[in-house]
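Please read the structure below before turning to the comments.
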Amino acid sequence: MFQRFLAYTVLWLMVIVLIGAGASAMAAEEQCFLCHGLLFTPDQVNEWRDSAHAKSLETLKASPDAKDECLRCHSVDYRADPQNITLETAQFPTSCSACHLDHIAEGRASGDTQTHEIAKPKKEICLECHSASGVQPGEVPRSAQVEIFTGTGGMGVTDSPGIHSQIMPDGCVTCHQSTHTFHADATVCQTCHGAAADVKQAEARDTIQAQLDELSPLLDSFEDKASQEYKEAKLNIDLVRISGDFGAHNFSYSKSLLDYSASVLKQVPTEPQPAEESCLICHRTFTPDQVTGWESSAHAASLETLKASPDATDECLQCHSLDYRADPQNVTLATAALPNGCGSCHIDHVSEGRTTGDKATHELLKAKKELCIDCHTASGAQPGETPPSSQREIFTGTGGVGVDPIPGTHSLIMQDGCLTCHTGEGNGTTDHSFHADDLAVCATCHPDPEVFYTEHKNEIVDLVNTVDSLLADADPATQEYEEAKFNYDLVVKSSDLGAHNFKYSKALLEYGVELLSPSEPEKPAWDVNQDGVVDVLDLVVIGTNFGLNVVGNPQPNPDINKDGVVDVLDLVVIGLHFGETTAETVASPMLASAPGSRLWVEVSPVQGGYLTATVHGEFGAAVAGYQLSLLFDDSVLQLVNQEPGNLLPNGSSYWREGDHTANRLQGLAAVQLDGLDRFVRYATLATFTFRLKQSSVDLTAAVRLIDTRLADRNAQLLPHHVRYATQVVPVPDKTRLLTNYPNPFNPDTWIPYQLADPADV
């Protein structure tokens with residue numbers, strides 16, 4: 001304690017002696033320098049003496065525009081006694097007490113070296129003097145560093161805060177207090193700008209100086225110097241010139257001020273500079289590839305694209321404009337200036353007072369898998385509305401009409417969602433063009449992604465073209481049109497041509513084709529199986545269900561007259577329409593998988609000028625129904641009778657006689673009505689009686705089978721072939737009963753016989 005007391009005593013004695021001895025010599029310097037210039041911080045004092053601050057009073061007094069009130073920033077004794085100090089009596093320039101507290105006046109030997117006892121927060125310490133202080137057009141700003149630094153105060157230019165003003169927590173002091181000369185050594189710039197700091201500063205200086213050199217003669221030669229245009233142009237030029245930084249503090253704002261002045265002085269309107277997010281000011285240097293990638297993306301043109309759309313509304317700005325997101329109450333389509341940019345995905349570390357963000361996490365606003373889906377979605381649009389986008393719906397396989405959800409494989413396996421492919425996350429890169437066109441990331445899973453994608457893309461393109469053509473011919477007022485158009489829009493607006501979710505895209509378009517394709521006229525009920533023709537297959541459906549009650553509306557529906565039961569009335573209706581076609585195109589019938597059968601005609605002359613033609617069959621499967629037609633020579637034969645054969649059981653089958661003209665019989669059919677499977681190896685289908693018109697006839701070609709069909713109980717055609725050469729059997733000389741076939745112990749047996757004369761059997 002005694003040693004400290006002794007030290008303070010000696011110090012004060014020295015101060016008193018020095019004050020007394022050097023009062024006249026130190027008249028123009030603050031008393032701070034009695035200690036700081038000799039004992040404690042001589043280097044800082046010497047640095048200060050080399051600064052413009054040390055000459056501030058001298059500079060002011062040399063100015064023809066000097067006023068007493070200017071002393072507030074040029075003289076510390078004026079600040080101490082503004083009522084009595086004038087330009088003539090002021091002695092001290094700006095120095096220590098302009099920024100620091102006077103610890104001697106408070107009776108303390110020394111100040112706090114940790115805080116430097118600054119009179120104001122560091123960020124505010126320079127602003128009071130280095131400002132244009134609200135100067136207006138027609139006035140000359142006394143300074144302008146604050147205006148340029150913060151990007152405010154100019155004419156005809158949108159405010160544009162410099163990135164330095166946003167990221168430097170200590171404001172000007174951050175760069176200008178490396179020494180007390182307050183010169184900003186370019187080495188401090190290298191903290192952010194790296195080795196290129198000198199080059200970057202030189203380029204900015206050359207650009208601004210060239211503009212100032214160009215504008216100076218234009219100011220001198222401008223005719224109407226009393227005009228508002230001239231005053232505004234001159235104020236902008238003065239702000240840049242008097243700031244003395246040549247763009248170092250805020251290059252983009254300085255250049256914008258001079259560009260506006262040039263347009264006024266040259267009287268040539270210039271295109272306004274596009275607004276830019278402040279992030280880009282730094283990131284053009286730190287991550288130039290990412291900025292260049294973003295500039296080539298659709299995101300960079302998002303606002304321009306929206307404003308060009310006739311359907312644009314203010315609410316669309318939510319996904320197209322950063323400044324709308326920041327202030328949705330006041331920003332409109334007319335006033336929005338910023339497209340999507342860094343702030344669409346990343347946290348603004350500058351606004352939080354941090355110089356840099358966290359490179360490890362990229363400081364994303366949301367989890368990677370959720371980042372893109374707020375905007376790239378149909379936003380709940382319904383049929384009749386146009387979805388603004390649809391990548392989310394296609395990717396997840398949801399949201400379409402008439403199609404069950406089909407979650408895309410990509411959405412299930414990609415933990416980072418869209419980012420996996422669209423920023424190269426899958427390859428460890430961060431491409432900010434968001435293009436996935438090179439398909440390189442696809443090779444991780446797909447051995448030949450180009451071929452794989454091209455095949456799927458071509459199929460989707462064909463479907464898109466088909467639906468597009470159908471929509472052009474459809475009625476927009478119908479529900480079918482609205483649903484097909486909505487699904488079509490989902491696929492088209494996803495812009496992926498099936499890459500995100502091929503199966504779902506295809507299903508949406510195919511549903512549209514189904515809705516819009518011209519439908520065939522509804523076929524009548526008597527075309528039971530709806531194949532376009534009324535034939536034995538329809539009879540078989542009736543026969544299989546004969547006698548049953550019909551519940552609901554089964555397909556095919558055997559209840560033709562809709563009375564609830566399948567009966568003879570339904571058979572009659574089929575009989576009336578047998579052979580008719582009900583559609584322009586007849587569907588190919590199903591062919592049963594069964595052993596083949598064969599048919600042939602056997603002709604037997606009968607005494608009295610008649611003959612019989614019997615259709616025989618050897619069968620490989622149970623027959624539930626058949627139909628056939630005959631072609632005969634009407635110059636020698638006249639059909640007089642037709643009878644059913646023994647293939648189907650008498651009493652439980654339906655027989656329809658064929659319709660005949662002079663030389664043709666067609667539409668003969670028979671069907672079993674109990675639905676049971678009865679297999680008969682050999683049997684006859686029908687027997688026809690003809691009158692002979694001539695005595696000498698070649699019977700081997702007189703009768704031919706045509707249009708024969710055999711059907712099983714499932715209404716499928718049985719394979720068979722027809723032997724066209726007619727087999728002629730001579731009239732037997734006597735009546736005989738032949739051996740049955742195959743034997744009497746089978747479920748069915750065939751007992752052949754021969755008649756010498758016509759008789760009932």
Before we move on, is residue 81 touching a residue at least 24 places away in the same chain (Cβ under 8 Å), surrounded by fewer than 18 Cβ atoms within 10 Å (Cβ to Cβ), within 23 Å of residue 54 (Cβ to Cβ) and not hydrophobic (A, V, I, L, M, F, W, C)? no
Considering (1) more than 50 Å from the chain's Cα centre (by Cα); (2) surrounded by fewer than 20 Cβ atoms within 10 Å (Cβ to Cβ), say which one residue 126 fails and leave the rest. (2)
Is it the case that the stretch 207-217 has a residue that's touching a residue at least 24 places away in the same chain (Cβ under 8 Å) and more than 11 Å from residue 258 (Cα to Cα)? no
Report every pair of residues separated by at least 6 positions or lying on different chains whose Cβ atoms are under 8 Å apart, first residue within the stretch 305-334 and in a loop (DSSP other than H, G, I, E, B), second among the charged types (D, E, K, R). 331/323; 332/314; 333/307; 333/314
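Please enumerate the residues belonging to the stretch 190-206 that are open to solvent by 40 Å² or more (accessible area, probe 1.4 Å) and touching a residue at least 24 places away in the same chain (Cβ under 8 Å).
192, 193, 196, 200, 201, 205
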Within the stretch 532-556, the residues that are in a loop (DSSP other than H, G, I, E, B), out of contact with any helix residue (DSSP H, G or I) (no Cβ under 9 Å at 6 or more places or on another chain) and of a type in the set (A, V, I, L, M) are 548, 550, 551
Pair list, Cβ under 6 Å, 6 or more apart: the stretch 581-604 residue without any contact (Cβ under 8 Å) to a residue 60 or more places away in the chain, other residue of a type outside the set (Lys, Arg) and open to solvent by 30 Å² or more (accessible area, probe 1.4 Å): 582/524
Scanning the stretch 178-236 for residues that are modelled with pLDDT of 85 or more and of a type in the set (Lys, Arg), which turns out farthest from residue 96 (Cα to Cα)? 225
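Is the stretch 672-691 home to any residue that is farther than 16 Å from residue 611 by Cβ, in contact with a helix residue (DSSP H, G or I) (Cβ under 9 Å, 6 or more places away or on another chain), open to solvent by less than 70 Å² (accessible area, probe 1.4 Å) and of a type in the set (A, V, I, L, M, F, W, C)?
Narrowing the stretch 672-691 to residues farther than 16 Å from residue 611 by Cβ: 672-683, 685.
With the extra rule that they be in contact with a helix residue (DSSP H, G or I) (Cβ under 9 Å, 6 or more places away or on another chain), the set shrinks to 672-675.
Restricting the remaining residues to those that are open to solvent by less than 70 Å² (accessible area, probe 1.4 Å) gives 672-675.
If we keep only those that are of a type in the set (A, V, I, L, M, F, W, C) as well, we get 673.
Yes, the stretch 672-691 contains at least one residue that is farther than 16 Å from residue 611 by Cβ, in contact with a helix residue (DSSP H, G or I) (Cβ under 9 Å, 6 or more places away or on another chain), open to solvent by less than 70 Å² (accessible area, probe 1.4 Å) and of a type in the set (A, V, I, L, M, F, W, C).
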Kindly indicate whether residue 595 is open to solvent by 30 Å² or more (accessible area, probe 1.4 Å), modelled with pLDDT of 90 or more and farther than 20 Å from residue 694 by Cα. yes
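The rows are residues; the columns are (1) closer than 30 Å to residue 657 by Cβ; (2) open to solvent by 40 Å² or more (accessible area, probe 1.4 Å).
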{"site": "478", "(1), (2)": "no, yes"}
{"site": "487", "(1), (2)": "no, no"}
{"site": "512", "(1), (2)": "no, no"}
{"site": "526", "(1), (2)": "yes, yes"}
{"site": "540", "(1), (2)": "yes, no"}
{"site": "545", "(1), (2)": "yes, yes"}
Enumeration of residues in the stretch 386-408 that are in a helix (DSSP H, G or I), open to solvent by 50 Å² or more (accessible area, probe 1.4 Å) and in contact (Cβ under 8 Å) with a residue 60 or more places away in the chain: none
Given the conditions (1) open to solvent by less than 60 Å² (accessible area, probe 1.4 Å); (2) modelled with pLDDT under 80, report the number of the one that residue 416 does not fulfil. (2)
Show me the helices (runs of 4 or more DSSP H) found entirely inside the stretch 1-85 where at least 1 residues are at pLDDT 90 or above, of a type outside the set (Gly, Ala, Ser) and farther than 23 Å from residue 110 by Cα. 56-61, 71-74
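Just to verify a result, which residue in the stretch 47-59, among those that are in contact with a helix residue (DSSP H, G or I) (Cβ under 8 Å, 6 or more places away or on another chain) and either polar (S, T, N, Q) or farther than 21 Å from residue 87 by Cβ (or both), is least open to solvent (accessible area, probe 1.4 Å)?
As a first pass, look at the stretch 47-59 and keep what is in contact with a helix residue (DSSP H, G or I) (Cβ under 8 Å, 6 or more places away or on another chain): 48, 52-54, 56-57, 59.
Going one step further and asking which of them are either polar (S, T, N, Q) or farther than 21 Å from residue 87 by Cβ (or both), we end up with 48, 56, 59.
On the way: 48: 27, 56: 11, 59: 82 Å².
Looking at the filtered set, the residue picked out is 56.
This table checks each residue for (1) in contact with a Phe, Trp or Tyr (Cβ under 8 Å, 6 or more places away or on another chain); (2) of a type outside the set (Lys, Arg); (3) within 19 Å of residue 55 (Cβ to Cβ).
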| position | (1), (2), (3) |
| --- | --- |
| 98 | no, yes, yes |
| 107 | no, yes, no |
| 117 | no, yes, no |
| 120 | no, no, no |
| 127 | no, yes, no |
| 133 | no, yes, no |
| 136 | no, yes, no |
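Kindly indicate whether any position in the stretch 274-282 is over 30 Å from residue 172 (Cβ atoms), of a type outside the set (Asp, Glu) and open to solvent by less than 30 Å² (accessible area, probe 1.4 Å).
no
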Hey, does the stretch 449-469 have a residue that's within 20 Å of residue 368 (Cβ to Cβ) and either open to solvent by 80 Å² or more (accessible area, probe 1.4 Å) or among the aromatic types (Phe, Trp, Tyr) (or both)? no
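The values are calculated or read from the model by the stated rules, or taken from the named source; none is laboratory data. Note that this is a predicted model, so its numbers are computed, not measured. All Cβ positions, even for glycine, are placed from backbone atoms using ideal geometry, and neighbour counts span all protein chains on display. Just the protein is used for accessible areas: all its heavy atoms, side chains included, with ligands, DNA and RNA removed. Shrake-Rupley method; radii C 1.70, N 1.55, O 1.52, S 1.80 Å.
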